[in-house]
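The next block holds one structure in the form of structure tokens; read it before the comments.
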Amino acid sequence: MATLLRIFFFVCIVRPLIMIIIGLNVFDKRRLPLTGPAIIAPNHNSHLDTLTLLSLWPISKINRVHPVAAADYFLSNPVMAWFSLNVIGIIPIERQKKDPSDDPLATSSEALERGDILIIFPEGSRGLPEIMNSFKSGISRLAERHPAVPIVPVFMHGLGKSLPKGDFVLVPFFCDVFIGEPIYWQGSVEATMAAYKNSMESLAIKCDAPVWE
């Protein structure tokens with residue numbers, strides 16, 4: 001039942017919204033992995049980011065793609081929790097450790113072991129429209145556990161103007177999506193994050209976008 005609801009939601013609601021009302025230009029889509037395990041690592045400007053990214057995969061693959069999202073926000077009430085888990089298909093992550101022995105990356109690591117594709121926003125939460133914040137190292141720490149799993153940088157431009165943080169009125173605005181070459185574990189958390197940051201800066205330059213806050 002949840003699978004059918006997810007397919008219906010993306011076919012009948014998300015894709016018409018993204019493709020017709022907003023509009024989408026995707027560059028180097030061939031770099032988008034159709035099978036996992038893989039980590040998709042985009043910038044984060046809007047609640048539309050996740051839906052836009054999920055719309056890029058064929059419907060036949062959508063049940064293997066899971067956004068990693070904050071449990072304290074998306075599981076904050078029963079209705080949102082049900083929708084987030086069963087329709088959006090999130091993998092919840094605890095942003096604050098409740099116990100020193102807790103492993104916040106455990107569920108994401110298990111998903112990669114199952115061959116899933118994860119969408120992880122290294123900025124954590126949404127920032128100022130069209131401006132990137134500093135990156136957290138979660139994707140690199142996952143890569144350390146799974147060095148053969150690619151990290152695919154994705155730079156999105158425009159969604160921060162369509163539905164920026166704090167706004168609730170959708171403004172039609174074309175979105176450009178630039179998909180970068182995959183990055184792999186570089187031998188250290190710092191080196192892996194540096195490679196990711198360099199790739200994101202290069203992608204941002206392609207659409208003449210401002211980069212850092």
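The values are calculated or read from the model by the stated rules, or taken from the named source; none is laboratory data. Predicted, not measured: the structure shown is a model, and the values here were computed from it. Ideal geometry is used to build each Cβ from the backbone, glycine not excepted, and the neighbour counts take in all protein chains shown.
Give all pairs with beta carbons closer than 6 Å in which a residue from the range 157-185 that is modelled with pLDDT of 90 or more meets a residue that is part of a strand (DSSP E or B); count only pairs at least 6 apart in sequence or on separate chains.
Val177/Val26; Val177/Met156; Phe178/Phe27; Phe178/Phe155; Ile179/Val154; Gly180/Pro153; Pro182/Val152; Ile183/Ile151
Across the range 17-49, which residue is farthest from Met200 (Cα to Cα) among those that are buried (at least 21 other Cβ atoms within 10 Å of the Cβ) and polar (S, T, N, Q)?
Ser46
Examine the range 10-25 for a residue that is at positive phi and either touching a Cys at 6+ places or on another chain (Cβ under 9 Å) or part of a strand (DSSP E or B) (or both), and state whether such a residue exists.
Yes, some residue in the range 10-25 is at positive phi and either touching a Cys at 6+ places or on another chain (Cβ under 9 Å) or part of a strand (DSSP E or B) (or both).
Which condition from (1) under 24 Å from Ser202 (Cα atoms); (2) among the hydrophobic types (A, V, I, L, M, F, W, C); (3) in contact (Cβ under 8 Å) with a residue 40 or more places away in the chain is the one that Ala70 breaks?
(1)
Counting only residues that are modelled with pLDDT of 90 or more, farther than 21 Å from Arg145 by Cβ, more than 15 Å from the chain's Cα centre (by Cα) and assigned to a loop (DSSP other than H, G, I, E, B), how many does the range 35-76 have?
1
Show the residue pairs that are 6+ apart or on different chains and have beta-carbon atoms under 9 Å apart, the first residue being within the range 17-39 and in contact (Cβ under 8 Å) with a residue 40 or more places away in the chain and farther than 27 Å from Arg114 by Cβ, the second being among the charged types (D, E, K, R) and surrounded by 13 or more Cβ atoms within 10 Å (Cβ to Cβ).
Leu24/Asp176; Asn25/Asp176; Phe27/Asp176; Phe27/Lys206
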